[in-house]
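One structure below.
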Amino acid sequence: MRFVPGIDNVAPIAGETFTLWWFDDTLPDGGTSTFTDGDVWVAYDAAVLTLTVLEAGSIFNGATASPDARDVASLRNQYAFLDDLSLTLQPFSIAGGTSAGAATFGDVVSATFEIKLSAPTGSATVYFLPDQIVVQSGLGPMPGYYAFGSPNGYAAEISITAVPEPASLALLLAGLGLVAGAAARRNRNPAQAV
């Protein structure tokens, strides 16, 4: 499995929201999936972003995602690069899917974030960190566990534009007013010959 991100707002501004989807590009569009449950993590910079919603994708056949209180130490062991980053780690349990093999569009999860008004212009990276997924089909009475992941997780970089500070906006408007005033004065007093 290899996960690729998709985003609904490619140039969000501070104060706006955006939704990221992670797709398994090895599943055929409209194919079937027998995934039912799993554990996933999302890592992000809480100084810039607020995670508002995480939903299980169509590969989980109707399952729901809910935050859980797992200890982050185990994840830091699995994804060692997290030690160098100051990110918020949020674990989610995905449960309640059916193994009926419903049609899927390859979407694994979607996460909606709000960009804080204080966010500076720049970029923020959101990591999707899958742990394990339960597959019910063809494995007898006991479910099989399919651990899918990458030692570096799956990253999506978001470019963010800051909202101008009130003082900067006031200075811009004052400058525009001076330029407009000078142009109006020039129109009233035609240039004299030198």
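Just the residues that are in a loop (DSSP other than H, G, I, E, B) and either under 16 Å from Thr88 (Cβ atoms) or without any contact (Cβ under 8 Å) to a residue 12 or more places away in the chain (or both), please, taken from region 58-75. Let's see the steps before the verdict.
Taking region 58-75 first, the residues in a loop (DSSP other than H, G, I, E, B) are 61-63, 68-72.
Result: Asp68, Ala69, Arg70, Asp71, Val72.
Could you look through region 1-57, keep only residues that are surrounded by fewer than 16 Cβ atoms within 10 Å (Cβ to Cβ), part of a strand (DSSP E or B) and at pLDDT below 85, and pick out the one that is farthest from the chain's Cα centre (by Cα)?
Thr32
For every residue, the table says whether it meets (1) exposed (fewer than 11 other Cβ atoms within 10 Å of the Cβ); (2) of a type outside the set (Val, Ile, Thr); (3) modelled with pLDDT under 70.
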position: Tyr79; (1), (2), (3): no, yes, no
position: Ala95; (1), (2), (3): no, yes, no
position: Glu114; (1), (2), (3): no, yes, no
position: Val135; (1), (2), (3): no, no, yes
position: Gly181; (1), (2), (3): yes, yes, no
position: Arg188; (1), (2), (3): yes, yes, no
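Contact list please: Cβ distance under 6 Å, first residue in region 114-130 and among the aromatic types (Phe, Trp, Tyr), second residue outside any strand (DSSP E or B) and crowded, with 17+ Cβ neighbours inside 10 Å, pairs at least six apart or on different chains.
Note: pairs meeting the criteria are Tyr127/Gly153.
Among the candidates Gly177, Gly140, Gly149, which residue alone is modelled with pLDDT under 85, exposed (fewer than 10 other Cβ atoms within 10 Å of the Cβ) and either under 30 Å from Ala46 (Cβ atoms) or over 19 Å from the mean Cα position of the chain (by Cα) (or both)?
Details: Gly177 fails: exposed (fewer than 10 other Cβ atoms within 10 Å of the Cβ); Gly149 fails: exposed (fewer than 10 other Cβ atoms within 10 Å of the Cβ).
Checking each option against the conditions leaves just Gly140.
The values are calculated or read from the model by the stated rules, or taken from the named source; none is laboratory data. Computed from a prediction, not measured in an experiment: that's the story for all the values here. We place every Cβ from the backbone using ideal geometry, glycine too, and count neighbours over all the protein chains shown.
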